Each structure stands twice: as structure tokens, then as C-alpha cells.
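The values are calculated or read from the model by the stated rules, or taken from the named source; none is laboratory data. Everything numeric in this text was worked out from a predicted model, so none of it was measured. No Cβ is skipped: glycine too gets one built from the backbone with ideal geometry, and neighbour counts run over all protein chains shown. Remember, those area values only see protein heavy atoms, side chains included, never the ligands or the DNA or RNA. Shrake-Rupley method; radii C 1.70, N 1.55, O 1.52, S 1.80 Å.
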Amino acid sequence: MRFVRRLSVFSVFAIAVLGQQTDPKPSDAKQTDPKKDPDQIGTRDVAKGVNFYSIEKEIALGKQLAQEVARSASIVNDPVISEYVNRLAQNLARNSDAKFPLTTQVIRDETINALSLPGGYFFVNTGLILAADTEAELAGGMAHEIAHIAARHGTRQATRGEIAQLSTIPLIFMGGWAGYGARQAANVLIPVGFLQFSKAFESEADMLGLEYLYKTGYDPEGMIDMFEKIEALSRKQPGRVSKFFSTHPATGDRIVKVQNDIQTLLKQQPQYVVNTSEFNDVKARLMMLEKRKKNDPVDPNRPRLRRAPDRELAAE
């Protein structure tokens, strides 16, 4: 009974504290929540929350999962495309809150998606590149995933699952991945806890990603343009949109929220980067490679042997 009384007192106290903390005035949003102040990017901690994984363990885990992706997916090794996407990702990461070095690769997959793994490992689908009409749109989609990495959503989400099912902890640390596997766009078995984020985490990644896009100098409307494409394609060609977008907030609601964040969180700049000739060149190069791939299913980069002419036929 004494324990119950103490628990009741603690519950009342917690509710009172939460009631005071979760209802800031809109005008004071930036002062009460550093996440809503782009000027503090890089000096704030956006990954606060219960997390069973240390930075070192998260990096090691991400490396292991990334190796599984690389073994099972079709990685685009074209140096021009790879270097461009990696440079774009690094530029966004430098203007983010990420505490991990970013490792980026391009996956040959027509679904419009990018995959962020714990510890800074990042994969961009060719479908996302081809769907974008401008560099700002592509950067908007990538910035959202970099926000997941910066906020450590993968391991924080997994921690929540482990707290709910404490019996799963031994399996996770002993490598029992199959029990938690979920197939993602690259057809790789990845623990579901590291991919299917809560809608609150997805909404936060939209906000943080928008800030990173803005901080890097891109037109923040690029994120809205990409969301509008996703919304349209999910109706017309649902197969081109990754199934993991089903865990995101409704795209129409996301557009409205991002538009509101642009108005309330970002200062208007005299100019933004919308597109570059390099993006156009890289996209055209990728389209050419994809067309060649479809016409010739055999990998053009594989080693080829030429049979020497038969000696008897040569003698004749």
C-alpha cells in the first residue's frame, strides 16, 4: 500500500510537470525548444531520450547492417553518380546536428526512398534521384533521412521496443536478427525497430530535415515539392513509393505542417539554390545507365573473355 501511495503521488507530480512543459506559447517556441531554432544547428542535442545504445555500439551496429545491405542490394558503382550523391549528402550533414560521419551509397532501386541506418550509414535509391526534378527536391528527401541519423531515431526506436519487450534484449545483442526482420526496398532483412519509426519521429525528421535543407542553402520548398510527388505517385503508381512511407504521417498533413514550419521557423533569405547543371547531368547519366541496364540485363562491368580461334580452322 505504501508503494501504491508513493506511485500515485509520483504520477500526479509527473502529470503536473508534463502539463507545464508541453504547452509552450507559439511565440516562445524557439526559446523553449532548440530543435525549432535553425540558428542553433550543430550546438544542440536533438537525440535526447532513453537509448540503450552508446555511440560506439550504434556505429558498430550500423556498420553490420550496412554490410548486409551492400551484400544483398545492387549498389551503383558509377564514380560520377556516387561522388555527386556522396558530396550532396556530406554537405547536408555538415549543416546538420549529426554526430556521426556519414557513409553514403546509391542503391539501384526504382522505389522513391532513401534508407538511413544507425551510426551514419545512408543509402539513396535511384528512384529518388530520378523522381526529383531539381537538386533541392533530391536534397529535401535526403535531408529527411539525415535527420533520422542525427536524432538517432533508429536506436531510440529500437530501445522503445526493447523496453516494451525486455525479453528480446538477449536476442538483439546475440545477433538474433531474423525474429525482427522486415524487408525494405533493397530486399534486405533489417530489424524492424531500426526502420519503422513512430509518426512522431517521422514528423520530427520532417522538421529537422527542413532546417538542414535551409541551412545548406537550398530552397525549403523543395521538400514540399518532393512530398507532393510522393502523394501523387502513391495514388497513380503505388509500387514506386516505398512501403515504409506507410509509417509516415499522411503526406497531405506533412505538406501542411512543413509549409507552416517554413513560415514560423525559417527566416526568409534573398536567394536559395533550386537546381544545378550538375544535378541535371548526373540525372541524365543515371537515366542512360538505367536504360542500358534494362536493354542489357548482363552487367556491362563484369569481366569478359574472348575465345581464341580454333587452330585447325585457322590453318585452313
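When the residues of the range 265-280 are filtered to those that are under 24 Å from the mean Cα position of the chain (by Cα) and not aliphatic (A, V, I, L, M), the one that is farthest from D39 (Cα to Cα) is N280. Residues in the range 121-142 include at least one that is aromatic (F, W, Y) and more than 9 Å from the chain's Cα centre (by Cα).
The lone criterion from (1) open to solvent by less than 20 Å² (accessible area, probe 1.4 Å); (2) at pLDDT below 95; (3) out of contact with any Phe, Trp or Tyr (no Cβ under 9 Å at 6 or more places or on another chain) left unmet by I81 is number (2).
This table checks each residue for (1) modelled with pLDDT of 95 or more; (2) surrounded by fewer than 24 Cβ atoms within 10 Å (Cβ to Cβ); (3) touching a Lys or Arg at 6+ places or on another chain (Cβ under 9 Å).
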site	(1), (2), (3)
R87	yes, yes, no
T103	yes, yes, yes
I112	no, no, yes
L115	no, no, no
P118	no, no, yes
V124	yes, no, no
T134	yes, yes, no
G140	yes, no, no
A143	yes, no, no
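From the list R160, R156, which one is at pLDDT below 95, in contact with a Gly (Cβ under 9 Å, 6 or more places away or on another chain) and open to solvent by less than 50 Å² (accessible area, probe 1.4 Å)? Result: R156 is the single residue among R160, R156 that is at pLDDT below 95, in contact with a Gly (Cβ under 9 Å, 6 or more places away or on another chain) and open to solvent by less than 50 Å² (accessible area, probe 1.4 Å).
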